[in-house]
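The values are calculated or read from the model by the stated rules, or taken from the named source; none is laboratory data. These figures come from a predicted structure and were not determined experimentally. Here the Cβ is made from the backbone with ideal geometry for all residues, glycine too, and neighbour counts use every protein chain on show. Accessible surface areas use protein heavy atoms only, side chains included; no ligands, DNA or RNA. Shrake-Rupley method; radii C 1.70, N 1.55, O 1.52, S 1.80 Å.
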Amino acid sequence: MKIRFARTVLLLPICFAFLALTPSAFSAEHLGDLTGPWKLFVDDHFVANKENVNRVYHDFEKHQDNPLLSADKPWEGSTAYIYGTVLPSEDGDGYRMWYHSWANREYRMLYATSQDGLHWDKPELGLVDYEGSTKNNILFRHTHENHSPQVIHTPWEKDPAQRYKFIYYEYGRTPPDFTTSGYYGMTSPDGIHWKNAKHMTPLFTDHGDVGNFVWDSLQKRYIAWPKKFDEVRGFRRRSLGFTETTDFENWPATKLVLVPDEFDDRWVTAESAENAHTDFYGMSGFAYESMYIGFLWVFPITNGKNDGPIFVELVTSHDGEHWARQEKPRPPILPLGAEGTWDDGMVFTPNHPLVEDGVIKLYYGGFDITHSAGSGNSAIGLATLRKDGFASLDAGAEEGSITTKPIPGATGKLVVNYAAPTGSLIAEILDESGTVLPGYSRDECTPLTGDSLAATISWGRRDQLPKTDTPIHIRFILHDTALYSFQINNTPK
């Protein structure tokens with residue numbers, strides 16, 4: 001079963017609030033840090049008003065050479081997939097991947113490296129015995145049921161042994177030590193050699209066996225969205241929980257934050273309504289620029305039991321806890337592959353993507369079967385998207401406009417991420433009452449054309465925002481243009 005959706009637009013009511021600025025001098029706090037000063041138009045959080053523009057969602061483009069990493073070792077069986085993490089190497093030379101496999105009724109935590117992000121090696125780590133040899137890429141083995149390797153780089157730790165954190169799920173069915181189901185933690189100096197953070201004790205107990213964990217550079221905390229079950233419209237459904245902590249070894253219990261709504265069940269027919277319904281299998285959430293992005297794993301259960309495809313939709317948040325869904329009809333941001341391809345049954349995402357050279361790089365796991373369809377194959381591929389390119393506000397030949405909420409303390413340059421191959425983009429600056437400030441009108445603005453990830457808007461010779469003690473609004477005016485994001489670059493001249 002393949003579920004695909006068209007695109008549409010829903011214009012939201014005007015809402016005014018102060019839009020706080022974040023510093024422009026951002027530096028990466030850790031490997032995989034994606035935060036920064038940009039304000040995205042992926043939702044209306046920064047928008048006071050918009051006219052004659054449509055929100056367009058953009059799905060990831062899958063690499064032509066996919067899959068890039070396949071199960072080709074005896075201990076991997078036919079499944080190698082990325083409930084896990086990909087990070088750049090600390091020296092900037094290449095990439096590292098933590099993933100897992102399922103073979104002979106056993107999960108295995110695995111490790112791979114790459115120089116170019118396309119060709120992956122599975123180094124002989126010499127750590128775990130497999131059929132009389134340690135020449136394999138298995139990281140560790142506690143039981144046959146430890147899986148979902150989540151790695152977080154924490155270089156600020158004074159103890160070198162704490163520079164990497166590892167969280168995984170254990171079903172708790174393996175005496176004598178692992179008899180409690182939950183999420184267990186480990187630490188490492190190098191991301192390869194791991195020791196328990198708590199001796200055979202979970203960081204927290206939870207019956208949701210899928211969860212994604214990250215460090216939040218915006219609020220300086222660990223955050224996670226484990227699977228959580230809830231009764232929703234007659235079915236016990238997989239839903240999303242949320243938990244946060246500043247102490248890696250102590251996590252509070254999850255609280256329910258996102259459940260399937262009625263629109264998620266729109267595909268259910270009158271004949272199938274007794275059993276068919278939609279669950280959320282999991283979500284990868286992460287701090288991105290000045291907000292939070294989530295890759296939601298949507299699971300339409302087609303047989304009333306446990307079978308169906310899994311694809312990925314976009315959700316957005318501005319605190320990591322309260323999430324907004326895409327505007328209807330909610331097209332997948334990472335859809336299934338075409339019928340008969342390696343990823344036409346299910347797709348899963350790591351705990352966060354990477355952003356390099358203006359490109360979002362998303363390594364993902366793909367299956368050629370649906371969830372309970374029997375034996376199948378899985379592998380790992382790559383999909384890409386322009387930076388901040390999850391969604392844009394687009395205008396056609398008719399003029400469109402976007403007015404921001406009030407921005408206090410705005411000084412410096414106004415920089416935009418846009419695409420106008422046949423159109424143009426200009427802006428004007430308004431005071432709190434909506435009056436255009438002298439020297440910053442649309443007629444004085446130099447039009448931007450073409451395509452840029454970071455173009456500065458200017459008004460004649462002025463390329464700095466006006467100096468004012470009161471908040472300003474920015475009104476963007478678009479013709480045949482897609483506007484993705486903006487920032488106020490207040491770096492001194």
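Scoring 244-253, 139-148 by mean Cβ neighbours within 10 Å over their residues and listing the highest first yields 139-148, 244-253. How large is the translational diffusion coefficient of the range 126-267 in µm² per second when you combine the Kirkwood radius over alpha carbon pairs with Stokes-Einstein at 20 °C and 1.002 mPa s? Rounded to a whole number, D works out at 129 µm²/s. Size estimate for the range 34-193 follows the Kirkwood approach: the inverse of mean 1/r over distinct Cα pairs works out to 18.3 Å. Once the Cα-Cα distance is subtracted from the 0.36 nm per residue extended length, the ASP261 to THR435 segment shows a gain of 58.5 nm. Shape of the range 412-493 from its Cα gyration tensor (a ≥ b ≥ c, root eigenvalues): rounded if a/c is under 1.5, otherwise prolate when a/b > b/c, or oblate? It is prolate, given that a/c is not under 1.5 and a/b is the larger ratio.
Most tightly packed first, judged by the mean number of other beta-carbon atoms within 10 Å of their residues, the peptides 402-413, 460-471 read 402-413, 460-471.
With every protein chain in place and a 1.4 angstrom probe, the accessible-area ranking of LEU393, LEU118, largest first, reads LEU118, LEU393. Of PHE263, PHE367, the residue with the largest accessible area leads and the full order is PHE263, PHE367 (1.4 Å probe). For a paramagnetic label modelled on ALA373 (point 7 Å from Cα along Cα→Cβ), amide N atoms under 20 Å away belong, within the range 263-301, to 267-269, 276-282, 297-301. Solvent-accessible area assigned to carbon and sulfur over the chain amounts to 49 percent, based on a 1.4 Å probe. Accessible surface of ASP206, taken over heavy atoms with a 1.4 Å probe and every protein chain present, rounds to 20 Å². Solvent-accessible area per residue in the range 138-187 equals 35 Å², computed with a 1.4 angstrom probe and all protein chains kept.
Surface exposure of the range 353-493, expressed per residue as accessible area with a 1.4 Å probe, stands at 39 Å². Potential lengthening of the chain between THR341 and SER78 amounts to 93.1 nm, from the contour at 0.36 nm per residue minus the alpha-carbon distance. The rule of thumb for compact globular proteins, 2.2 N^0.38 Å, goes into the C-alpha radius of gyration of the chain 1.02 times. The aspartates and glutamates whose alpha-carbon is closer than 19 Å to the alpha-carbon of LYS328, local same-chain residues fewer than 8 away aside, are ASP43, ASP44, GLU51, ASP59, ASP261, GLU262, ASP264, ASP265, ASP279, GLU313, ASP394.
Model label sites at ASP357 and ASN306, defined 7 Å from Cα along the beta-carbon direction, differ in position by 4.4 nm.
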